[in-house]
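Here the structure comes first, spelled out in structure tokens, and everything after it is commentary.
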Amino acid sequence: MGLKDCEGQPRVARSLLSALQRGRLAHAYLLAGPVGSGKRRVATELARAALCERPSAESDACGGCEACRAVGDGRHPDVEFFRPPDDKAAYPVKQVREQIKRHAYLRPALGKRRMLVIERAEALVKGSGGQNESADTLLKLLEEPPRDTVIVLLAAHPERLPETVRSRCQYIRFEPPSTLALAEALMESDRLDPDQAAYASRLSGGDLALAREFVRGRKKDSPNLGLVREALLDIVRFVGTMTVPGILAVAAKLDGAARGWPALVGALGILALLYRDSAVKAAARHQGGSSSTVSVETALAFRTGPEASATSDAARDYGPDTLLEMASRVLRAQEDCGRYPARLLLLEVLLLDLAGLPRHPREVAQ
Ligand SMILES: [Zn+2]
């Protein structure tokens, strides 16, 4: 245990360890990253390292001293986590004033500093706009930072916080969790099989909360993962040879399976990846090199399964430039999601557009 063990966020861990080592911990941090990227874990390890009685040469926590164990068990008097009450979307002003602010100015009980972790910091801002007393109270706290307290804000949506709050924190951006890490979390929490878990995590674009919504939601509102997958494979394999009614039917199939913008955005992200994989394969075919097979494999998002065979098919039917153009058109359509009035229309236009691109280019290899 320690900051150095926060896998997936090595850059974050390094920068915090370096600050500890130089004795230059900031008064306030804003850890920003999607749900599931490990913000809470890093905050806990930061508290542990900051309060450890026998830190390592790199200033990381020893993991064994009384302070380290107390932080891990959530019973260290100088470490406090705050979150809005379960039934509230936002932090009540009272909680910010009477708990967070009051606790920030307490003297450390055991160690040399106190650590205050504010989870879901974006919930300091009320959705309706207007007066944001909670955020204002926190801002005052950040403007006159207590000497021995480090305030750590965790936010999946830092853009919702006022600029005045953000600018007073050291901003640390987390990488989205890898598809694999997310799939493992889903397999554990929702007992999904590896295939389903991998698909749900890809469809969520790296957002664990959204992936959970996809697999836990009511049947009639959540995406049908199996059908989304089928429709995407059909598109990659056959869109260039389909008749117009066939194209409209597969558009309707994907729209019906996605059941909403969030999954459709994710599905288009997967489709772009599939075209990109196809382009990588087509480029390798074009070069006719078997020597590069290994590096090509490692560059692919989908190395096995029906996706891998669909991208091989597409790599035979199209040239690499056309496939990259397809990926880029899919990404442009993805950007339009939500801005466009109708999901189905957006899909139909995109697929007809893809179908019109030239197949069997002159540069067919071998
Ligand atoms: Zn320790």
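Since every read-out is calculated from the coordinates, none of them should be taken as a lab result. Because the structure is predicted, anything quoted here is derived from the model rather than measured. Note that we place each Cβ from the backbone using ideal geometry, even for glycine, and neighbour counts take in every protein chain shown.
So what's segment 223-355 giving for Cα Rg divided by 2.2 N^0.38 Å, two decimals?
After normalising by residue count via 2.2 N^0.38 Å, the value is 1.03.
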Those GluC sites (Glu not before Pro) in segment 1-71 that DSSP places in a loop and that have at most 12 other beta carbons within 10 Å = 7
ask   = Among the aspartates and glutamates, which have Cα under 16 Å from the Cα of residue 140 when same-chain residues fewer than 8 positions away are ignored?
value = 98, 163
message = For a quick check: sort 281, 140, 39, 126 by the number of other beta carbons within 10 angstrom, fewest at the front.
response = 140, 126, 281, 39
Residue-span extension gain [residue 81 to residue 11] - 0.36 nm each, minus C-alpha spacing = 22.8 nm
note = Here the Kirkwood hydrodynamic radius of segment 3-173, Cα-based and in Å, equals 16.2 Å
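Report, in deg cm²/dmol and to the nearest 500, the calculated mean residue ellipticity at 222 nm for the chain, where each DSSP H run with n ≥ 4 adds -39500 (n - 2.57) and the sum is divided by the residue count.
-16000 deg cm²/dmol
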ask   = To the nearest 10 degrees, how steep is helix 305-317 against the longest Cα principal axis of the chain, on a 0 to 90 scale?
value = 50 degrees
ask   = How far apart, in nm, are the 7 Å Cα→Cβ label points at residue 89 and residue 62?
value = 4.8 nm
request  = Specify the angular offset, from 0 to 90 degrees and rounded to the nearest 10, of the alpha carbon long axis of helix 179-190 from the longest principal axis of the alpha carbons in the chain.
outcome  = 70 degrees
inquiry  = Viscosity 1.306 mPa s, temperature 10 °C: give me the Stokes-Einstein translational D for segment 76-153 in µm²/s, with Rh taken as the Kirkwood radius over C-alpha pairs.
reply    = 124 µm²/s
ask   = Ratio of the chain's C-alpha Rg to 2.2 N^0.38 Å, to two decimals?
value = 1.19
Principal-axis tilt of helix 261-287 within the chain, Cα atoms, nearest 10 degrees = 60 degrees
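Quick check for me: using +1 on Lys/Arg Cβ and -1 on Asp/Glu Cβ, what's the dipole size of the chain about its Cα centre, in debye to the nearest 20?
900 debye
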key: Top of 210, 106, 264 by mean-square fluctuation, Gaussian network on the chain, Cα under 10 Å   = 106
key: Convex hull volume per residue for segment 1-68, taking Cα atoms only, in Å³   = 81 Å³
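Based on the Cβ-Cβ distance of residue 357 and residue 163, what FRET efficiency does E = 1/(1 + (r/R0)^6) give at R0 = 51 Å, to the nearest 0.05?
0.75
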request  = State whether segment 30-124 is rounded, prolate or oblate according to the following rule on the C-alpha gyration tensor (a ≥ b ≥ c being the square roots of its eigenvalues): a/c under 1.5 gives rounded; otherwise a/b larger than b/c gives prolate, and the remaining case gives oblate.
outcome  = oblate
key: Distance from segment 107-158 to segment 231-304 (C-alpha centre basis), Å   = 44 Å
key: Principal axis dimensions, largest first and in whole angstrom, of segment 184-238 by Cα   = 36, 24, 18
ask   = Order of 259, 359 from fewest to most other C-beta atoms within 10 Å?
value = 359, 259
key: residue 191 versus residue 297: modelled label distance in nm, points set 7 Å from Cα along the beta carbon direction   = 3.5 nm
message = If I stretch the segment between residue 139 and residue 342 completely, what's the gain in nm (0.36 nm per residue apart, minus their alpha carbon distance), one decimal?
response = 69.0 nm
